[in-house]
1. Within region 88-102, is there a residue that is within 15 Å of the chain's Cα centre (by Cα) and farther than 21 Å from E117 by Cβ?
2. Among the numbered criteria (1) part of a loop (DSSP other than H, G, I, E, B); (2) in contact (Cβ under 8 Å) with a residue 24 or more places away in the chain, which one does L197 miss?
3. Take the residues of region 116-130 that are more than 9 Å from the ligand (Cβ to nearest atom) and touching a residue at least 40 places away in the same chain (Cβ under 8 Å): which is surrounded by the most Cβ atoms within 10 Å (Cβ to Cβ)?
4. Any idea which of N84, N157, N62 is part of a strand (DSSP E or B), within 13 Å of the ligand (Cβ to nearest atom) and more than 30 Å from V181 (Cα to Cα)?
5. How many residues are surrounded by fewer than 18 Cβ atoms within 10 Å (Cβ to Cβ) and within 14 Å of V44 (Cα to Cα) if we restrict to region 79-100?
6. Being near the ligand (Cβ under 9 Å from one of its atoms), among the hydrophobic types (A, V, I, L, M, F, W, C) and touching a residue at least 60 places away in the same chain (Cβ under 8 Å) is the filter here; which residues of region 43-59 pass it?
7. Which one of the conditions (1) near the ligand (Cβ under 8 Å from one of its atoms); (2) assigned to a helix (DSSP H, G or I) does V101 fail to meet, given that it meets all the rest?
8. Testing I28 on (1) outside any helix (DSSP H, G or I); (2) touching a helix residue (DSSP H, G or I) at 6+ places or on another chain (Cβ under 8 Å), one condition comes back false. Which one is that?
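The values are calculated or read from the model by the stated rules, or taken from the named source; none is laboratory data. Note that the structure is predicted; figures quoted are calculated from it, not measured. Note that each Cβ is placed from the backbone with ideal geometry, even for glycine, and that neighbours are counted across all protein chains shown.
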Amino acid sequence: MRSSHPGPPPHLDAPLEVSPADWEPRQIYYLMTGLVVPRPIAWVSTFGDRGIGNVAPHSYFNVVAHDPPHVVFSSSGTKDTLRNIRARREFVVNIVTMDVVEAMNFTATDFPPDEDEFAWAQLTPAPAAVVDAPRVAEAKAHLECRLVEEVAAGNGNIVVGEVVHLHVDPSVWRDGRVDPVLLDPVCRLAGSGYARLGALFDLPRRRWDDVEGSPPGAAIPRLE
Ligand SMILES: Cc1cc2nc3c(=O)[nH]c(=O)nc-3n(C[C@H](O)[C@H](O)[C@H](O)COP(=O)(O)O)c2cc1C
């Protein structure tokens, strides 16, 4: 199908139809990261050569299994984080909350590999329980991970990690679980955009047993 516009139009007065090959990669990047929102942020900490601390945010990130738990994040190209993980096969995903958002953003600076990013961002490296990679002590939760495999996808190098240990700070725990309001996670949007959680709501799921035989639409759970 032909693309409807040769590039991002200032105003869109008809539906946009675009094939990735027809736009500059940068334009597709902004379109994709504007549409796939909000994204969680993996603040990935590793040790480099001679134990130099490295920490960098990755919003191409998610949980993909829970038994045993696995996460993925993707490095666009090969960066220090990926090099360190290839060498040591271990890393920590630090959960990004509002109280560390400025430090997180600063660690996206393109520091040379021999610069300690913990020191630059005034962060405290804390030992992990199971893996030999540092945790960011200031983070409210940490997922200690072992590399399972790396998968290439376009310019992305997807790192699949098994979570072998978790840490959660008491301050974000309520009624037997992580409370999203107490956690106050940072949501990644496009460009330099971020968001916080807005209004929370519940929406129950139906079982087929409860839906079968009902008139179309009648069993759809509605917002209060
Ligand atoms: C919020 C945020 C999310 C980011 N997500 C990614 C990502 O998913 N993949 C990636 O390769 N770079 C991402 N970056 C850019 C890297 O953090 C940046 O290139 C960093 O310098 C890499 O550090 P390293 O060389 O120490 O690994 C992101 C930056 C920010 C601020």
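1. no
2. (2)
3. L123
4. N157
5. Total meeting the criteria: 5.
6. Within region 43-59, W43, V55, A56 qualify.
7. Here V101 clears every test but (1).
8. (1)
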